[in-house]
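Quick notes on the structure that follows.
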Amino acid sequence: MKKLLFGLALIFSIQVSAQNLRTPAPSPSQTIKQDFALSSIEVNYSRPSMKGRDIFGSLVPYGEKWRTGANGPTTFTFGQDVSISGKAIKAGTYSVITIPGKDSWEVLLCEEGTSVFNFKDENVITTVTADVITMPMEMETFTIVIDNMSNNSADISFLWDETIAVLTVTADIDSQIMSQIDNVMNKDNKPYFAAASYYFENGKDTAKALEWARKAADAQPEAYWVRHLLAKVEAKAGNKAQAIAAAKASLDLAQKGGNMDYVRLNEALIKSLN
């Protein structure tokens, strides 16, 4: 009986030890979340490595559905409505299945939970095309990045081996922001600086941007960043003397505040106007 109990205890100990053993995942998972437009893009996926294998056209055959990584389904989550390849994509989470080709990939955005193992045509929400670029070097581990950012566009790129497949995502934020500006500018506490900045950066009505920049400077006379914006808008409006005066005021305030970045920005602006 003692031998039996000892044997059972040993088996139980081995099982517990095995359950507590942690080893590195062969295809570790990664989550990336990028602020984009007025919301964000989030990507969840797993990252297999080449390990000396031929990838596209071999391990990942051309023309066949690929889970776009390893382990569970890769997912994209868009925090707002976007467009990809001219196709409208509603805000939400999508499972991603790709069909790699030599010159382009088909990217299938599917209902969440869809994988290559339970795939049904009716689960596909939309299909978009990713352009393929050949890299001059190898990417050992499968990688998805969000880069080439602007106010309303970004690239989602798939990188592995010598291949990059690129999707360009865009968002129509201008109408939303203009609506917000129209709404808040009819209230008492007006965001003059933010509204003037948007108008200036996006080539909107310069006269209106100047009006708001001057009001922002009046409301925050010690704010060197506001004075710097005013200087840039004055310059854009063709008011050279006023632009130089505002830049010098911003420079003095930035020196007092110890912000050398704005000191240099104002020095460069003054130099460009002389």
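The values are calculated or read from the model by the stated rules, or taken from the named source; none is laboratory data. Since the model is a prediction, treat every value here as computed from it, not as a measurement. Neighbour counts are summed over all protein chains in view; Cβ atoms, including those assigned to glycine, are modelled from backbone coordinates with ideal geometry. The protein model used for the area step is the full one, side chains on, heavy atoms only, and it has no ligands, DNA or RNA in it. Shrake-Rupley method; radii C 1.70, N 1.55, O 1.52, S 1.80 Å.
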Single unsatisfied condition, A217 versus (1) under 30 Å from G57 (Cα atoms); (2) in contact (Cβ under 8 Å) with a residue 24 or more places away in the chain:
(1)
Yes or no: segment 33-48 includes at least one residue that is charged (D, E, K, R), at pLDDT 95 or above, within 24 Å of the chain's Cα centre (by Cα) and closer than 14 Å to T126 by Cα.
no
Is one or more of the residues making up segment 75-89 touching a residue at least 40 places away in the same chain (Cβ under 8 Å), open to solvent by 50 Å² or more (accessible area, probe 1.4 Å) and among the small types (G, A, S)?
yes
Filter segment 52-78 down to the residues that are assigned to a loop (DSSP other than H, G, I, E, B), closer than 21 Å to V145 by Cβ and either of a type in the set (K, R) or touching a Leu at 6+ places or on another chain (Cβ under 8 Å) (or both) and list them by number.
R67
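Can you pull out the residues in segment 98-111 that are surrounded by 15 or more Cβ atoms within 10 Å (Cβ to Cβ) and either within 23 Å of the chain's Cα centre (by Cα) or not in a loop (DSSP other than H, G, I, E, B) (or both)?
Within segment 98-111, the first condition is being surrounded by 15 or more Cβ atoms within 10 Å (Cβ to Cβ), and the residues that meet it are 98-101, 105-110.
T98, I99, P100, W105, E106, V107, L108, L109, C110 - these are the residues of segment 98-111 that are surrounded by 15 or more Cβ atoms within 10 Å (Cβ to Cβ) and either within 23 Å of the chain's Cα centre (by Cα) or not in a loop (DSSP other than H, G, I, E, B) (or both).
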I need a count of the residues in segment 224-258 that are surrounded by 17 or more Cβ atoms within 10 Å (Cβ to Cβ) and either of a type in the set (S, T, Y) or without any contact (Cβ under 8 Å) to a residue 40 or more places away in the chain (or both).
21
Identify the residue in segment 112-138 that is open to solvent by less than 70 Å² (accessible area, probe 1.4 Å) and among the hydrophobic types (A, V, I, L, M, F, W, C) and, among all such residues, is farthest from D81 (Cα to Cα).
M135
Considering every residue within segment 119-131, establish whether at least one is out of contact with any helix residue (DSSP H, G or I) (no Cβ under 7 Å at 6 or more places or on another chain), in contact (Cβ under 8 Å) with a residue 40 or more places away in the chain, outside any strand (DSSP E or B) and on the phi > 0 side of the Ramachandran plot.
no
Leading residue by the ranking (nearest to M135 (Cα to Cα)) among those in segment 167-180 that are open to solvent by 30 Å² or more (accessible area, probe 1.4 Å) and touching a residue at least 12 places away in the same chain (Cβ under 8 Å)
T168
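When you look at A213, is it open to solvent by less than 70 Å² (accessible area, probe 1.4 Å) and more than 30 Å from the chain's Cα centre (by Cα), yes or no?
no
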Pairs needed: first member in segment 151-163, farther than 10 Å from A130 by Cα; second member anywhere, of a type in the set (G, A, S) and in a strand (DSSP E or B); C-beta distance under 6 Å; at least 6 residues apart or different chains.
none
Working only within segment 235-274, note down all residues that are over 21 Å from F193 (Cα atoms), part of a loop (DSSP other than H, G, I, E, B) and either of a type in the set (S, T, N, Q) or touching a strand residue (DSSP E or B) at 6+ places or on another chain (Cβ under 8 Å) (or both).
N274
